[in-house]
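The values are calculated or read from the model by the stated rules, or taken from the named source; none is laboratory data. Only a predicted model underlies this, so the values are computations on that prediction, with no experimental measurement involved. Neighbour counts are summed over all protein chains in view; Cβ atoms, including those assigned to glycine, are modelled from backbone coordinates with ideal geometry.
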Amino acid sequence: MKALICILFLNLCLFHSPVIAQSVSLFNGKNLEGWYMDVPDLEKDSSLRIPFIVRNGMLVSLGTPQGHLITHKEYENYRLEVEYRFPGKPGNCGVLVHASTPRTLYNMFPKSIEVQMMHENAGDFWCIGEDIQVLDMEARRGPKDNWGVIEGKGRRILNLTDGSENPLGEWNQMIIECKRDEIKVWVNGGLVNHGFCATASKGKIAIQAEGAEVEFRRLAISSL
């Protein structure tokens with residue numbers, strides 16, 4: 001009986017969204033205080049639009065020019081709650097955790113592990129100069145000989161299940177839990193990825209501008 005109770009408890013932990021502890025918002029709803037931008041094309045042409053704005057109390061990534069909005073602070077052992085939606089056309093975006101060295105990949109992406117938000121692919125991992133492991137690695141990352149964290153290598157690790165996102169235009173909740181060298185991701189209450197043996201355990205948090213407009217109404221962090 002005791003063993004059965006333990007198994008049931010484990011299943012609840014794995015497949016249900018965690019209870020959110022008292023959290024602190026990373027976005028004040030008014031401006032981008034606490035964040036800075038790294039947008040390479042803006043350095044070349046200052047007349048380009050700013051890709052990250054505040055609109056109607058929401059943080060908005062306009063998608064272009066491409067770049068990143070990055071926290072000034074570093075974080076470790078935390079749970080990040082994100083509520084987002086694609087208000088128009090579906091597209092690409094992501095939350096980067098454990099971000100450090102800027103422009104490590106394609107002279108654009110900071111060294112990090114990306115938690116994918118791309119429409120219909122939410123929860124994939126992308127390795128950007130850092131690495132992480134999952135169960136069934138070859139099935140989810142491709143041939144082992146091609147694994148890597150630089151240009152041209154197998155950096156994408158598929159999530160556990162597609163179909164977790166709400167219909168286009170509706171809000172989604174993503175929870176990212178970073179504890180020591182593990183990263184777990186829930187989308188709308190269901191576990192969609194679990195990585196371990198990550199090569200980083202702390203760093204900054206970044207939001208992408210990667211082609212599509214995305215609205216964020218909540219970015220809140222709590223300590224583990």
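Tabulated data
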quantity: Residue ID - farthest from the chain's Cα centre (by Cα), chosen from residues in segment 72-88 that are over 21 Å from Trp126 (Cβ atoms) and either modelled with pLDDT under 95 or of a type outside the set (D, E, K, R) (or both); calculated: Gly88
quantity: Some residue of segment 118-129 being assigned to a strand (DSSP E or B) and surrounded by fewer than 17 Cβ atoms within 10 Å (Cβ to Cβ); calculated: no
quantity: Residues satisfying the stated conditions in segment 174-189, i.e. farther than 18 Å from Tyr75 by Cα and surrounded by 16 or more Cβ atoms within 10 Å (Cβ to Cβ); calculated: Trp186, Val187, Asn188
quantity: Residue under evaluation Asp145, criteria (1) in contact with a Leu (Cβ under 8 Å, 6 or more places away or on another chain); (2) farther than 25 Å from Ile70 by Cα; (3) of a type in the set (D, E, K, R), criterion not met; calculated: (1)
quantity: Residue check, Arg155 more than 13 Å from the chain's Cα centre (by Cα) and crowded, with 18+ Cβ neighbours inside 10 Å; calculated: yes
quantity: Asn107 being surrounded by fewer than 20 Cβ atoms within 10 Å (Cβ to Cβ), at positive phi and polar (S, T, N, Q); calculated: yes
quantity: Conditions (1) part of a strand (DSSP E or B); (2) of a type in the set (A, V, I, L, M, F, W, C); (3) touching a helix residue (DSSP H, G or I) at 6+ places or on another chain (Cβ under 7 Å): number failed by Leu69; calculated: (3)
quantity: Residue check, Val115 out of contact with any Phe, Trp or Tyr (no Cβ under 7 Å at 6 or more places or on another chain) and modelled with pLDDT of 95 or more; calculated: no
quantity: Residue selected from segment 21-67 under the condition surrounded by 14 or more Cβ atoms within 10 Å (Cβ to Cβ) and hydroxyl-bearing (Ser, Thr, Tyr), by the criterion nearest to Pro87 (Cα to Cα); calculated: Ser61
quantity: Output for segment 185-220, where each listed residue is in contact with a Pro (Cβ under 8 Å, 6 or more places away or on another chain) and farther than 18 Å from Phe27 by Cα; calculated: Trp186, Ala212
quantity: Residue list for segment 80-129, restricted to those being of a type in the set (Lys, Arg) and under 20 Å from Pro167 (Cβ atoms); calculated: Arg85, Lys89
